[in-house]
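Here's the structure, in structure tokens; my notes come after.
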Amino acid sequence: MPVFHTKTIESILEPVAQQVSRLVILHEEAEDGNAMPNLERPVLAVSNAVANLVKVGRETINNSDDQILRQEMPASLQRVEKASKLLEEASAMLNADPYSQPARKKLIEGARGILQGTSNLLLCFDESEVRKIIKECKKVLDYLAVAEVIETMEDLVQFVKDLSPCLTKVSRDVDAREKELTHMVHREILVRCLDSVKTLAPILICGMKIYVQLLAQGKKVDEAGENRNYLAARMTDEINEIIRVLQLTTYDEDEWD
Amino acid sequence: EMILDAAKSITIATAALVKAACAAQRELV
């Protein structure tokens with residue numbers, strides 16, 4: 001069962017999560033009662049890394065036009081900064097007393113805080129990246145919504161010109177996202193939906209062309225219109241399913257049944 | 001993305017710190 005929903009987040013957090021768990025277990029089993037070594041240097045390395053993350057994080061916030069990211073990311077940065085301070089305090093306390101129990105608690109609290117804060121930050125960033133893909137998906141939905149008002153060949157050519165780059169981007173982004181996910185069921189749904197969209201797109205265009213040609217010839221267009229609408233609706237459903245799955249981050253037990 | 005690299009640096013540094021704390025305990029227990 002995957003704990004982290006993307007491979008990138010997993011590769012960043014898993015090693016530290018394992019180490020923190022070990023420390024917590026040692027503490028809970030009261031096997032950490034011996035003298036602690038001098039932790040000044042590793043704590044300084046964490047402090048420097050945190051200072052860099054805060055700098056890079058603020059730049060990301062300032063350069064982003066995603067209001068949700070701008071609103072949520074500062075709290076994650078503060079959490080990491082606060083945790084870093086706890087580690088510095090723990091190190092100072094352990095220097096004075098290598099057997100200090102409050103220092104050990106601070107060390108654990110700090111390490112957990114770094115893990116939690118970094119996790120929140122990565123999730124915040126990841127959700128923002130997902131929103132970018134969803135924005136592209138919604139552009140495709142907007143184009144599909146106007147498929148039924150296309151009545152001339154000129155409009156159809158423009159429709160294809162507008163839709164094609166959007167579909168290409170969605171296809172590329174969803175394909176890359178699918179490869180990033182750790183959850184196999186979510187990956188499979190994205191692959192299936194994307195394949196359907198790729199298959200349906202040329203059929204829809206063909207259906208629209210038939211409708212436009214029949215209309216130009218003054219022939220009956222009821223069936224051609226129904227066919228076109230059905231294909232547009234199918235594509236809309238597939239894109240909506242992609243949007244739904246892109247937003248899933250938690251493990252859903254039922255989906256494995 | 002730079003933010004991912006920065007986050008990675010933190011977790012590597014924190015893992016090293018915690019590992020040092022754990023290792024010292026195990027040696028002495």
Inset, instruction - Check region A:120-128 and report whether any residue there is free of Cβ contacts under 8 Å to residues at least 60 places away in the same chain and either away from chain B (no Cβ under 14 Å) or more than 30 Å from A:Thr60 (Cβ to Cβ) (or both). - result: no
Inset, instruction - Could you check, for region A:23-45, whether at least one of its residues is within 30 Å of A:Arg244 (Cβ to Cβ) and not polar (S, T, N, Q)? - result: no
Inset, instruction - Identify the single condition in (1) part of a helix (DSSP H, G or I); (2) farther than 19 Å from A:Lys132 by Cβ; (3) free of Cβ contacts under 8 Å to residues at least 40 places away in the same chain; (4) not small (Gly, Ala, Ser) that A:Lys220 does not satisfy, given that it satisfies every other one. - result: (1)
Inset, instruction - Go through region A:21-50 and count every residue that is assigned to a helix (DSSP H, G or I) and in contact (Cβ under 8 Å) with a residue 12 or more places away in the chain. - result: 8
Inset, instruction - Of the numbered conditions (1) touching a helix residue (DSSP H, G or I) at 6+ places or on another chain (Cβ under 7 Å); (2) closer than 30 Å to A:Lys7 by Cβ, A:Gly225 fails exactly one; give the number of that condition. - result: (2)
Inset, instruction - With the checklist (1) more than 8 Å from chain B (Cβ to nearest Cβ); (2) touching a residue at least 12 places away in the same chain (Cβ under 8 Å); (3) within 17 Å of A:Lys105 (Cα to Cα); (4) of a type in the set (A, V, I, L, M, F, W, C) in hand, flag the one item A:Phe4 doesn't pass. - result: (3)
Legend entry - Subset of region A:17-57 [aliphatic (A, V, I, L, M), within 12 Å of B:Cys22 (Cβ to Cβ) and facing chain B (nearest Cβ under 8 Å)]: A:Val20, A:Leu23, A:Leu26, A:Met36, A:Leu39
Inset, instruction - Tell me, please, whether a residue that is assigned to a loop (DSSP other than H, G, I, E, B) and surrounded by 15 or more Cβ atoms within 10 Å (Cβ to Cβ) can be found in region A:113-136. - result: no
Inset, instruction - Tell me, yes or no, whether region A:76-92 has at least one residue that is among the hydrophobic types (A, V, I, L, M, F, W, C), more than 10 Å from every other protein chain (Cβ to nearest Cβ), crowded, with 19+ Cβ neighbours inside 10 Å and over 24 Å from the mean Cα position of the chain (by Cα). - result: yes
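Each value in this text was obtained by applying a stated rule to the coordinates, not by laboratory testing. Source: prediction; values computed, not measured. Ideal geometry is used to build each Cβ from the backbone, glycine not excepted, and the neighbour counts take in all protein chains shown.
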